[in-house]
Amino acid sequence: MIEASLNYLRESDDALVTTLIGGVLLLASPLLIPAFAVLGYVVRVLRRTADGDDEPPVFDAWGDLLTDGLKAFVVTFVYSLLPLAILSVAVVIGIGAALVGSGDGGLLGGLAGGVVALALTLVALAASLAGLYVTPAAVASVAGSGRVGDGFAVGTLWGVVSKRAYATGWLAAAAIALAGALVIGVLSVVPILGTIAGFFVQFYALVAAAAIIGRTWTDVRPVATDTGESDPVERPAV
């Protein structure tokens, strides 16, 4: 699975051009719109691989690309909010505990606040890991239907992320992301040029990881039921 995903983009006729465009967009991602374009490309990879198409997409139809990227960004951002909120509360309590411990509240009050802050930090870490685990499935769900709401269908997503096949695919994708991060770390030793090269490595690793999730989604995605309504692909995106 990992080997096939690493060759996914490389075997494309447009591999060099696509990687160059993706790396430049990541380099300019602080401007947000380029980041949406990269996320839109990831959505295309998820959609194609989930449908059994192993031909990597290209950067075209930029309007649709940005729309898909914006949907993926919304899903990713929302899943990151809870851990950030809990961590913010932990920081505030930790600061308060330090002030109490050094003031009239005494050591006991400061210690109690510190314990609460530590507990909230651990909860935030757990929530962050859960978010990282669920987010790929949520984005893949949105890629398949085009509806942002499907990224937050808790019951449906639980039926996906609780499967062993999804856990295996997620771990493989995480291994590629980690390997990419290590390569980027090595490249960063070289001033400027190494840092710039890292963006292209990051894009390549991101696409490879997305290919794994897309292929995994083929096996774990919910089976559509016939409700007498039109095909979900033909419904207006919400």
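The values are calculated or read from the model by the stated rules, or taken from the named source; none is laboratory data. Predicted model only: the values in this text are computed from it and were never measured. Because the Cβ atoms are built from the backbone with ideal geometry, glycine has one as well, and the counts that use them run over all protein chains shown. Calculation scope for accessible area: heavy atoms of the full protein, side chains included, ligands and nucleic acids excluded. Shrake-Rupley method; radii C 1.70, N 1.55, O 1.52, S 1.80 Å.
Given the criteria out of contact with any strand residue (DSSP E or B) (no Cβ under 6 Å at 6 or more places or on another chain) and open to solvent by less than 40 Å² (accessible area, probe 1.4 Å), does Ile176 qualify? Yes.
Looking only at residues of the range 142-172 that are without any contact (Cβ under 8 Å) to a residue 40 or more places away in the chain and closer than 25 Å to Tyr41 by Cβ, we find that the one that is most open to solvent (accessible area, probe 1.4 Å) is Leu171. Number of residues in the range 6-27 that are over 14 Å from Gln202 (Cα atoms) and of a type in the set (Gly, Ala, Ser): the value is 2.
Every condition in (1) more than 20 Å from the chain's Cα centre (by Cα); (2) buried (at least 19 other Cβ atoms within 10 Å of the Cβ); (3) modelled with pLDDT of 80 or more holds for Ile93 except the one numbered (3).
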